[in-house]
Amino acid sequence: MKNNELNDRRLQATPRGIGVMCNFYADKAENATVWDVEGNEYIDFAAGIAVLNTGHRHPKVISAIEKQLHAFTHTAYQIVPYEGYVALAERINARVPVEGPAKTAFFSTGAEAVENAVKIARAYTKRPGLITFGGAFHGRTFMTMALTGKVAPYKIGFGPFPGSVYHAQYPNDLHGVSTAEALKSLERIFKADIAPDQVAAIILEPVQGEGGFNIAPADFMQALRALCDTHGILLIADEVQSGFARTGKLFSMEHHCVKPDLITMAKSLAGGMPLSAVSGRADVMDAPAPGGLGGTYAGNPLAIAAAHAVLDVIDEEDLCTRSAHLGHHLVEVLNKAKEHCPYIADIRGQGSMVAVEFNDPQTGQPSPEFTRQVQERALNQGLLLLSCGVYGNVIRFLYPLTIPEAQFRKALDIISASLTR
């Protein structure tokens with residue numbers, strides 16, 4: 001089987017709206033390595049878009065899925081419940097950074113988690129309004145598209161979107177948005193668009209994913225918490241991409257001295273199996289009436305079993321510490337490359353949630369062209385990288401945290417060569 005043959009079949013069988021980045025097709029994968037159908041080998045620094053913090057096919061995850069497979073694959077938790085769901089909720093409740101007792105509900109996708117966080121927030125506050133931020137990505141359903149702060153390619157041709165959603169500015173020093181200016185944009189929303197006593201929740205990513213790995217400053221997060229407390233607004237942290245050791249802690253919000261009321265999670269929660277969750281203060285989580293939350297596949301038994309294994313692996317292999325270690329070395333390499341690469345405008349990271357942003361050195365404008373060149377150079381050397389950012393001028397690094405040290409060093413050499421030649 002050839003990649004070009006499969007590509008011809010794809011073009012005939014699937015719609016163009018499902019964009020595909022790579023021109024090769026996966027045949028097998030192990031930890032941080034992917035092999036295509038022609039036997040070519042790639043180092044995976046995409047990890048299924050931050051899904052594989054524990055790597056492809058971790059033995060503990062495979063074993064947990066196989067064990068559950070021999071018991072049962074589906075009952076629908078709302079019809080016939082099972083202990084694994086309850087036990088996983090208990091484990092997450094014990095570790096999620098919210099104030100007081102917590103409760104957790106499981107779903108299937110990140111967008112579904114965000115949708116349900118909105119439902120819970122509205123049920124608790126009896127208010128309609130939602131505030132999110134420019135550059136945010138919260139999903140591809142209609143509500144999550146409304147929350148997303150990036151038009152292309154996510155919103156084009158799909159409107160109108162649900163109302164009562166307002167976008168503030170997210171702090172970004174490189175783009176001239178200070179914490180003070182971001183807070184002023186919130187005040188402008190309260191003056192021009194919606195009264196604060198009509199806002200159910202402010203939702204943000206502690207580290208923006210698709211927006212370019214922009215990290216929320218500590219003073220901004222503290223100000224948001226104070227603002228929410230003043231006006232009875234819930235604070236929702238979308239940790240779909242930043243969760244499960246990616247930032248050097250189990251959740252990115254643990255880097256802050258304040259706590260959200262609700263947290264959404266997905267991606268690396270179940271090591272490649274489709275599982276998401278909403279966790280939060282018990283009184284908030286209990287706001288919807290019985291039957292108001294759920295889904296046919298929500299909390300699928302195989303995915304639940306995988307998630308238990310993922311939490312075990314994170315603890316047993318100390319992946320939070322390893323995340324910080326790997327991220328530190330990657331930032332060192334990027335800073336050294338910056339000495340010889342005038343396109344590098346910014347390097348930022350929290351643990352292993354690291355990104356590099358490129359601007360044209362002559363004009364100072366974002367350079368998606370150079371970004372694509374870096375991706376192509378790396379891919380030609382067997383390294384898979386992802387871009388992001390509102391302008392498509394950011395490379396994000398999403399390697400499995402279980403990547404072998406020698407393979408990681410090889411990838412860093414490829415990155416250096418791709419940036420400086």
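Is the stretch 125-284 rounded, prolate or oblate when judged by the Cα gyration tensor, a ≥ b ≥ c being the square roots of its eigenvalues, rounded requiring a/c under 1.5 and prolate requiring a/b larger than b/c?
Rounded, since a/c falls under 1.5.
So how do 150, 67, 267 rank on accessible area, 1.4 Å probe, biggest first, that is with the largest at the start?
67, 267, 150
Relative contact order for the stretch 111-221 using alpha-carbon pairs under 8 Å, separation at least 6, rounded to a whole percent?
After rounding, I find 32 percent.
Once both labels are modelled 7 Å past Cα along the beta-carbon direction, what's the residue 369-residue 257 spacing in nm?
Each label point is offset 7 Å from its Cα along the Cβ direction, giving 4.7 nm.
Give me the extension gain from residue 12 to residue 155: residue separation times 0.36 nm, minus the current Cα-Cα distance, reported in nm with one decimal.
Difference between extended and current length: 49.0 nm.
Using 0.36 nm per residue, how much length does the chain from residue 360 to residue 381 gain when fully extended, once their Cα-Cα distance is taken away?
Going from the current span to full extension adds 5.1 nm.
Tell me the Kirkwood hydrodynamic radius of the stretch 194-304 in angstroms, computed as one over the mean inverse distance between distinct C-alpha pairs.
15.2
Note down the nm distance, to one decimal, between modelled labels 7 Å out along Cα→Cβ at residue 1 and at residue 75.
For residue 1 paired with residue 75, the spin-label model returns 3.6 nm.
What is the percent carbon and sulfur in the accessible area of the stretch 110-232, measuring with a 1.4 Å probe over the protein chains and ignoring ligands?
With neighbouring chains kept in place, the figure for the stretch 110-232 is 56 percent.
Give the aspartates and glutamates whose C-alpha is closer than 16 Å to that of residue 28, dropping any in the same chain fewer than 8 places away, or say none.
36, 38, 41, 44
Quick one: 3J(HN,Hα) in Hz for the stretch 290-307, Karplus 6.51/-1.76/1.60 with θ = phi - 60°, rounded, Gly and Pro as x.
So the J values, rounded to whole Hz, are x, x, x, 10, x, x, 4, 9, 4, x, 3, x, 5, 5, 4, 4, 4, 5.
Let me check against my output: what whole-number percent is the relative contact order of the chain, with C-alpha pairs under 8 Å and at least 6 apart?
It comes to 22 percent, rounded to a whole number.
For residue 354, list long-range residues whose amide hydrogen, built 1.01 Å from N in the peptide plane, is under 5 Å from its own amide hydrogen.
Placed amide hydrogens put 397 under 5 Å from residue 354.
Rg and Dmax of the stretch 233-294, using alpha carbons, in Å: what are they?
12.7, 37
I'm a student and want to see the number: the projected area of the Cα convex hull of the stretch 108-178, averaged over all directions, in nm².
5.6
For an R0 of 35 angstrom, estimate the FRET efficiency from the Cβ-Cβ distance between residue 229 and residue 95 and round to the nearest 0.05.
0.90
For the stretch 12-106, which semi-axes, largest first and in whole Å, follow from the square roots of 5 times the eigenvalues of its Cα gyration tensor?
33, 18, 17
Using a Förster distance of 56 angstrom, determine the FRET efficiency expected from the C-beta separation of residue 23 and residue 180, and round it to 0.05.
According to the calculation, E is roughly 0.75.
Assuming a viscosity of 1.002 mPa s and a temperature of 20 °C, what translational diffusion coefficient in µm² per second does Stokes-Einstein assign to the chain, Rh being the Kirkwood radius over Cα pairs?
Result for D is 97 µm²/s.
At R0 = 56 Å, how high is the FRET efficiency between residue 140 and residue 336 if r is their beta carbon distance? Nearest 0.05 is fine.
After rounding to 0.05, the efficiency reads 0.90.
By a straight-distance test (C-alpha under 26 Å), which lysines pair with residue 191 as possible cross-link partners, with residues fewer than eight away in the same chain excluded?
Straight-line reach from residue 191, under 26 Å: 119, 126, 150.
The values are calculated or read from the model by the stated rules, or taken from the named source; none is laboratory data. Since the model is a prediction, treat every value here as computed from it, not as a measurement. Ideal geometry is used to build each Cβ from the backbone, glycine not excepted, and the neighbour counts take in all protein chains shown. Protein only, heavy atoms only, side chains kept; ligands, DNA and RNA dropped before computing areas. Shrake-Rupley method; radii C 1.70, N 1.55, O 1.52, S 1.80 Å.
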